[in-house]
Amino acid sequence: MTVSREVRLVARPDGEPVPSDFELAEVPVAEPGEGEVVVRNDWISVDPYMRGRMNDTKSYVPPFKLGEAMDGGAVGTVVASRAEAVPVGTTVLHGLGWREYATVDAGSVRAIDTTSASAEAYLGVLGLTGLTAYAGLTRIAPVKEGDVVFVSGAAGAVGSVAGQIARRLGASRVIGSAGGPQKAARLTGDFGYDVAIDYKEGRLEERLREAAPDGIDVYFDNVGGDHLRAALAALRLHGRVALCGAVAQYNAAGPVPGPDNLALAIGKRLTLRGFIASDHADLMPELAGFAASIRTEATVVDGIENAADAFLGLLRGANTGKMLVRL
Ligand SMILES: NC(=O)c1ccc[n+]([C@@H]2O[C@H](COP(=O)([O-])OP(=O)(O)OC[C@H]3O[C@@H](n4cnc5c(N)ncnc54)[C@H](OP(=O)(O)O)[C@@H]3O)[C@@H](O)[C@H]2O)c1
C-alpha cells in the first residue's frame with residue numbers, strides 16, 4: 001500500500017497565518033476506480049489567493065475545510081490508471097495539490113506537453129500566472145502603443161511576467177515596484193522594467209511621480225492599499241486599472257480602508273476593473289504564443305513537509321518569480 005503525505009488546514013488564522021494552522025498527515029493512497037487515475041505530484045503551486053481560502057467566508061472559491069487536505073494547482077505523473085485516455089506515464093495538470101499522491105477523475109486532469117516547456121511552467125507562465133498577466137493587460141486594462149504602465153508586486157509570479165507582456169504590447173515605459181533592493185535590481189536587470197521602485201524605502205507616491213513625470217496610463221494592481229492610492233494620483237485622463245490582487249491586505253485582521261483619493265477616478269474618467277483569470281481561459285492559445293519569449297523565474301522549495309513554510313514565505317515576499325514546491 002502506498003502512503004501519501006498531505007497538508008491539512010487545522011486552524012483558521014486571525015491575521016498572519018502561522019505554521020500551527022497546518023498539519024502534515026499520512027493517508028493511504030486510494031486505488032483508482034473506473035475512470036480514475038492516481039497522480040504522483042511532482043510540483044505543487046502555493047498562491048496568495050489561498051490565504052483567502054483559509055477564512056470561512058464566501059468568495060469566488062470555497063474556503064478550505066478544517067481538518068481536510070488543502071487543494072490547489074499541481075502537476076504530476078500518472079502512476080496508475082483505469083482511464084484509457086490517460087495512461088500511466090502521462091504528465092498532467094490538475095487541482096489536487098498540497099499532497100504527494102492524488103486519486104482523481106481522469107476527466108478533471110489535463111495532459112500537458114513537456115517536450116517544449118517544463119512541467120512546472122504550466123503552474124506559471126503557461127498557466128494561471130501567465131493568463132492573469134496577459135488577460136489583465138490585454139482585456140481588463142488594455143495596453144496601447146506608447147502607454148506608460150505601472151505594475152506592483154513586480155518581482156512576483158504575475159508581476160515578473162506582466163512587465164514583459166506590457167513591453168511587447170507596445171508600452172513606452174514600464175515601471176515596477178517590489179520589496180527590497182535585490183528585487184528592485186531584478187526588475188530592471190531581468191524582467192524588462194525600465195524603472196524599479198523599492199516600495200520598502202517609502203515615498204511611493206513621490207517615487208512614482210519621479211519615474212513617470214507625465215503620469216501613467218495603465219496600472220496593474222497586485223497589491224492594493226498604498227500602491228493603489230499612489231497609482232490613482234499618477235493616472236492620466238482615461239487611465240485604466242486592472243484590479244488583480246490586494247496582497248497587502250490579505251492578512252488584515254479587520255476591515256481595511258479604501259484609498260482616500262478614489263474620487264480622482266471621476267474627474268480623470270478612469271476605469272477600474274476587477275477580474276479573475278480563469279474567466280479568460282479563451283486567451284490561453286494567444287498567451288502560449290507570447291510565453292516562449294518571456295523570461296521566467298521560480299523560487300523552489302523542496303518537500304511536502306516544507307509546503308506550508310513556502311506558502312507563509314510567499315506572503316512575506318520570500319519568492320522572486322513563481323513560488324513552487326517540488327516533491
Ligand atoms: N485576479 C486573479 O485571477 C489573480 C490570479 C493570480 C494572482 N492574483 C493576485 O495577483 C497578486 C500576485 O500573485 P502572485 O501569484 O504573482 O504572487 P507573488 O507576487 O509571486 O507573491 C506575493 C508577493 O506579494 C508581495 N507582498 C506581500 N506583502 C506585500 C505588501 N504588504 N505590499 C506589497 N507587496 C507585498 C511579496 O513581494 P515583495 O517582496 O515585493 O513585497 C510577495 O512576493 C496577488 O495579489 C494575487 O492574489 C490574482
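The values are calculated or read from the model by the stated rules, or taken from the named source; none is laboratory data. For clarity, every value in this text was computed on a predicted model and none was experimentally measured. Virtual Cβ from ideal backbone geometry, glycine too; neighbours counted across all protein chains shown. Side chains are part of the model used for accessible areas, which takes the heavy atoms of the whole protein and leaves out ligands, DNA and RNA. Shrake-Rupley method; radii C 1.70, N 1.55, O 1.52, S 1.80 Å.
THR296 meets each of the listed conditions (1) under 18 Å from the mean Cα position of the chain (by Cα); (2) more than 30 Å from ALA185 (Cβ to Cβ) apart from (2).
On the stretch given as region 254-275, residues that are touching a residue at least 24 places away in the same chain (Cβ under 8 Å), aliphatic (A, V, I, L, M) and open to solvent by 80 Å² or more (accessible area, probe 1.4 Å) total 1. With a requirement of 3 or more residues that are open to solvent by 40 Å² or more (accessible area, probe 1.4 Å), the helices (runs of 4 or more DSSP H) lying completely within region 111-201 that satisfy it span 181-189. Applying a threshold of 6 Å to beta carbon distances and a minimum spacing of six or more residues, or different chains, the list of pairs starting in region 303-327 at a residue that is under 24 Å from ALA185 (Cα atoms) and open to solvent by 20 Å² or more (accessible area, probe 1.4 Å) and ending at one that is within 11 Å of the ligand (Cβ to nearest atom) and not in a helix (DSSP H, G or I) reads LEU314/VAL46; LEU314/MET323; GLY317/GLY179; THR320/ALA155; THR320/GLU297; THR320/THR299. If the condition is being in a strand (DSSP E or B), in contact (Cβ under 8 Å) with a residue 40 or more places away in the chain and of a type outside the set (Phe, Trp, Tyr), then region 92-107 contributes VAL92, HIS94, LEU96, ARG99, ALA102, THR103, VAL104, ASP105. Quick one: would you say ASP226 is without any contact (Cβ under 8 Å) to a residue 40 or more places away in the chain and charged (D, E, K, R)? Answer is yes for this residue.
Yes or no, residue by residue, for (1) surrounded by fewer than 19 Cβ atoms within 10 Å (Cβ to Cβ); (2) within 16 Å of the ligand (Cβ to nearest atom); (3) of a type in the set (Val, Ile, Thr):
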{"site": "ARG8", "(1), (2), (3)": "no, no, no"}
{"site": "PRO13", "(1), (2), (3)": "yes, yes, no"}
{"site": "SER59", "(1), (2), (3)": "yes, yes, no"}
{"site": "LEU66", "(1), (2), (3)": "yes, no, no"}
{"site": "LEU93", "(1), (2), (3)": "no, yes, no"}
{"site": "ALA102", "(1), (2), (3)": "no, no, no"}
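Put simply, of VAL148, VAL158, VAL174 the only residue that is out of contact with any helix residue (DSSP H, G or I) (no Cβ under 8 Å at 6 or more places or on another chain) and closer than 21 Å to ARG273 by Cα is VAL148.
Taking into account only those residues within region 30-58 that are hydroxyl-bearing (Ser, Thr, Tyr) and either within 17 Å of the chain's Cα centre (by Cα) or outside any loop (DSSP other than H, G, I, E, B) (or both), which is farthest from ASN319 (Cα to Cα)? Taking the candidates together, the pick is TYR49. Contact map, region 203-223: residues that are over 20 Å from LYS268 (Cα atoms) and of a type in the set (D, E, K, R) paired with residues that are in a helix (DSSP H, G or I) and open to solvent by less than 20 Å² (accessible area, probe 1.4 Å), Cβ distance under 9 Å, separation 6+ or inter-chain. Pairs shown: ARG207/ALA230.
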